[in-house]
Structure formats: structure tokens, C-alpha cells
Amino acid sequence: MAGGRPVPDDFPLGGARVSNDFLINARPPTDRVRLGQWTLQRFAELRVLRGSLHQVLVEQPLPEGGMLGTVPEKMAIVATELAANAMAHTRPPTTVRLSRTEWAFILEVVDNSPWVVPRFAERGPVTSAGLGLRLARQLSLDMGWHLLGPAKCVWAQIAIPTVPHGTVDAD
């Protein structure tokens, strides 16, 4: 939601807060409701995570004028990239949480590495280092990170798109 209004499906992507290629320390919206939580020990569990996220997303009631659109696909990519980053750079477990507000879904990935600030690889050729954050940034309305006790939480917010004006249901 931008300014209390639904965000259209064609809203510009890449709303992450960045300073000198580092993701800015910020908390996700507080008016959210938890939908699920997954604890990952191994990379192989990412497949199950993607399936579980998809199931939870398609079961969610949408606000009037909202549509799911490509949200499950975006969420699968963002979750995979952020969780894989956490598992690659910290020790297990990695915790993934899905929440929602009225007009957005929020993915949080918690790892055991609070001293490493998330950094984008924006310059130079595309390599695996920093690519996950770049993809998440492009697919998200907003992103940030914050400390959570002895852990770090990286989060991404994906908007629920609105039905384009003039669209008629074909019942």
C-alpha cells in the first residue's frame, strides 16, 4: 500500500531502501498478520518452502479490487533468493515468515548473522554475489533489514495488485 491506497499492478518495482549499495536498516510495516513460518536447515528444503508459500498465498482472501496476479511467482523468487543467501552465509537454521497487510504480503528471512549488513551487487557484470538481493529488490515494493535479538531479519514487501480500471468479470 502506498499512502494508504492499493498499489496498481504496474507500480514501479525496486523500492528497496539503499545507501552506498547497502540495504537500509528499516522495519517492515507493523500492521501485519502472520500467515506462516518455516524453518530451513538445508538448501533442499527451498522447494518445499516455495510450494508451501504458493498454497498459503492462493488461499488468502483478497481485498475488494485486488487480484493475486503474479504475486505467488514473485514471492517464490524472493523467498528462494533471500533464504538461499541466508543459508549460504550463516549457520542453520534460517527462518522464513510470511505476513500480510491489507494490500501487501511481507516475507521475512531471519538468519544468525547480525553483523553482516545486506549489500547489493549493483555494478559490474552479473555474478552470483549480490544477485539474490538485486532480484528481490526488482520484484518488491519495499525492502529492508533490522536486528532481531541475536539475529538479522531481511524483509521484502510485495504489493497485491489491483484489477485494472475498466476490467469486467466474465462470469
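Please treat every number below as a calculation from the coordinates, not as lab data. Remember, predicted model here, so these are calculated numbers, not experimental data. All Cβ positions, even for glycine, are placed from backbone atoms using ideal geometry, and neighbour counts span all protein chains on display.
Tabulated results
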read-out	value
Dipole magnitude of the range 18-159, debye to nearest 20 (Cβ charges: Lys/Arg +1, Asp/Glu -1, about Cα centre)	380
Sequence ranges 23-35, 135-147, ranked by mean other-Cβ count within 10 angstrom, highest first	135-147, 23-35
Estimated FRET transfer efficiency (Leu62, Arg91; beta-carbon r; R0 45 Å; 0.05)	0.75
Inter-probe distance in nm under a simple model that places probes 7 Å from Cα toward Cβ, at Thr70 and Gln55	2.6
Calculated SAXS-style log₁₀ I(q)/I(0) at q = 0.16 Å⁻¹ - the range 18-159, Debye, Cα scatterers	-0.80
